[in-house]
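Taking it in order: structure first as structure tokens, then the write-up.
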Amino acid sequence: MSARVLVVRLDSDGDVLLSGPAIRAVAARAAHVTLLVGPRGRSAAGLLPGVDETIVWRCPWIDATPPPVRRDDVDGLVDRLAAGRHDEALILTSFHQSPLPVALLLRLAGVPRIAAACEDYPGTLLDVRHRLPERGLHEVTRALSTAAALGYPLPVGDDGMLALRRPLPDPTPLIGPGPAVGAMPADGAMPADGAMPMVGAVPAGARPYVVLHPGASVSARRWHVAGFAAVARHLVGRGHRVVVTGGPRETPLTAAVAGGLAGVRDLGGRTDLAALAGVLERAGAVVVGNTGPAHLAAAVATPVVSLFAPTVPAERWAPHTPRLVLLGEQGLGCAGCRARDCPVPGHPCLSRVEPGDVVAAVETLLAPAPSTAPAPSTVTAHSTVTAHSTATAPSFAPATAAPPAGPTVAVGPTSPDALEASR
């Protein structure tokens, strides 16, 4: 354990969370791990096990609202990276991003060995050019495979699932001590201080409420507010407590979903990412779109109802958890559009999901978990119960030797069948 390793993931909190298992793989063999993230990934970086140091830089070719490229800004980053004297670097990107601009900066910073998944000709920018199939791999698996290609396989005993640093903030000040599962006051009244009503002691291990998270970073990934409000009403009517969460800019949205309903707690704008993780960990289930908190819920092992708009493929971006119900039309011709605002009238991928579908999915997840996970199913219908085959992460071999003329080329799993065979 002598190497100082730099890991790069420059997009949002959800992307950084999905990089967590690969970062743990690096940390298991490295002496020091520095994580380079963008401003939108800073909060998640602080929650990941294995990170010794975090550097934040707003990347002009990855950030959703990119800044202009400035020489002094780039020079400042290169100088700071050079001061870190990193022995190796692992660049983690999504399938649609090139690692080469970052690799160029790392070369200028003097990093001697650099690895990334890359389809483009890297020249001398990469020492390990990892090759992965275009389809069939989750983002977590892609990152783990790339880390293994650099020589950092997932250690024995690590299940490869998402995880957070502990302890998390206690959510009790936000949600109250809470009732027994399914219990509500006879009159349904809320206390004068707005805290969630307490009906009795919470049994050990109980998860007494359902979280609704209606927001997402872009409108194309958001289910309609009327649907969330209807789900809140139905859940309360069935005896469930409901907590609505959202960021500081989403308070009108969370208020509209909560609707002043007794038995619904509106936490819009009241949690940072760590506090939100604490709230999600105590929940029985979470209803959320394709956004960072879906991955945060997976990281605390809370079952997820994913209202997944297929702007990106679910096979890559669905919450990485075995307790998942995926809702949304995944087979539409516009799937994979990566649109920020849906260009199709009526937003058909999500508008066809009914509140009753969501309530049924929640109650499916609140039922006792089977002793063994069911066989993985294909994400096809708009209300498919999907048990991902990610409970045990694959063990990848390190990169093989390459011809002297170019970078090491490590080839990852070439098909979902090959990936499954490697588990």
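If you rank ILE55, ILE114 by fewest surrounding Cβ atoms within 10 Å, what's the result?
In order of increasing Cβ crowding within 10 Å: ILE55, ILE114.
Taking the Cα of ARG249, stepping 7 Å toward and past its beta carbon, and measuring to each backbone N in the stretch 42-63: which are under 16 Å?
Within reach of a label on ARG249: 42-43, 63.
Hey, can you rank 66-77, 165-176, 299-310 by average C-beta count inside 10 Å, highest first?
For the peptides 66-77, 165-176, 299-310, the packing ranking is 299-310, 165-176, 66-77.
Enter the Cα centre distance for the pair the stretch 19-43 and the stretch 103-164, rounded to the nearest angstrom.
After rounding, the separation between the Cα centres reads 12 Å.
Laboratory data are not the source of any read-out in this text; all were calculated from the coordinates shown. What you are looking at is a predicted structure, and each value in this text was computed from that prediction instead of being measured. Here Cβ is always computed from backbone atoms with ideal geometry, including for glycine, and neighbour counts include all displayed protein chains.
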